[in-house]
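Each remark here refers to the structure printed beneath this line.
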Amino acid sequence: MRKLILAIVLLLLSAPAFAAEAPASRPHWSLEFKGGAFFPDAGQWSTFYGQNYTSEFGAALAYKVTRNVEVGLEASYMHASGKGTAAQSTGSTPVVTGDTARMEIVPLDLFVLFRGVFDEKQWLVPYAGGGYTRLFYRQNATGSPENRGSTNGFHARAGLQFLLDRIDPDAAKSAAKEVGLQHTYFFVEGKYLRAVADTVPSGTVNLGGVSTLGGLLFEF
């Protein structure tokens, strides 16, 4: 009996040491902040807004079903303003009447993402995914009524993420202990979005396009 009690006491005393040496549990959430360039598919975009691209900013929150699979929601914002040179359009381009025009696009993405993580210290991680998009838009032009609406679509994206924990290991350990931040990554990403809307009386236009993005990913 004394030997059993002694063994239990020794086990309890050594538990903190075992806990310190045990590997950290896998992250269960990811949070992204990103920005970059959006290249619209809409025809004659540069005619109305002066260039064939605009800025894009977004954020995403996802739950990790497994270490490699997650589901989440992302919101992005794109806008452009300029001066049109045509009074009206035909076919697949937006109507812009007057001297000034402004377009705002807000896609909400529900996605499934696959990350190629095989080790928590893996410094380069590829990923890919896609899903459903609900896109909201608003168009203002001088001399014309406001045109706003929403439409359904889909998106796909892929990229590479680079582990930043190794740059400052002490800071990474402190963040994990204090706020539960297990990993920080920098990532680059390409994205395709398609969402067709009836923005003109005589036709439709794809308000999506191609994006090149970069940002930070935090895993908790």
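The values are calculated or read from the model by the stated rules, or taken from the named source; none is laboratory data. Remember, predicted model here, so these are calculated numbers, not experimental data. Neighbour counts run over all protein chains shown; Cβ positions are idealised from the backbone, glycine included. Calculation scope for accessible area: heavy atoms of the full protein, side chains included, ligands and nucleic acids excluded. Shrake-Rupley method; radii C 1.70, N 1.55, O 1.52, S 1.80 Å.
If Phe118 meets every condition in (1) at pLDDT 50 or above; (2) more than 21 Å from Phe136 (Cα to Cα); (3) open to solvent by less than 70 Å² (accessible area, probe 1.4 Å); (4) outside any strand (DSSP E or B) apart from one, which number is that one?
(3)
Of the numbered conditions (1) modelled with pLDDT of 95 or more; (2) β-branched (Val, Ile, Thr); (3) more than 16 Å from Asn206 (Cβ to Cβ), Thr100 fails exactly one; give the number of that condition.
(1)
Does any residue of the stretch 24-36 turn out to be surrounded by fewer than 18 Cβ atoms within 10 Å (Cβ to Cβ) and at pLDDT below 85? Please lay out each step first, then the result.
In the first step, residues of the stretch 24-36 are kept if they are surrounded by fewer than 18 Cβ atoms within 10 Å (Cβ to Cβ); the result is 24-26, 28-29, 31, 33, 35.
In the following step, the residues that additionally are at pLDDT below 85 were identified as 24-25.
For the stretch 24-36, residues surrounded by fewer than 18 Cβ atoms within 10 Å (Cβ to Cβ) and at pLDDT below 85: present.
For Lys191, all conditions in the list (1) out of contact with any Pro (no Cβ under 6 Å at 6 or more places or on another chain); (2) under 20 Å from Ala37 (Cβ atoms); (3) touching a residue at least 60 places away in the same chain (Cβ under 8 Å) hold save one; what is the number of the exception?
Result: Lys191 fails condition (3) only.
Suppose we filter the stretch 151-184 for residues that are surrounded by 12 or more Cβ atoms within 10 Å (Cβ to Cβ) and either under 22 Å from Trp29 (Cβ atoms) or free of Cβ contacts under 8 Å to residues at least 40 places away in the same chain (or both); how many remain?
23
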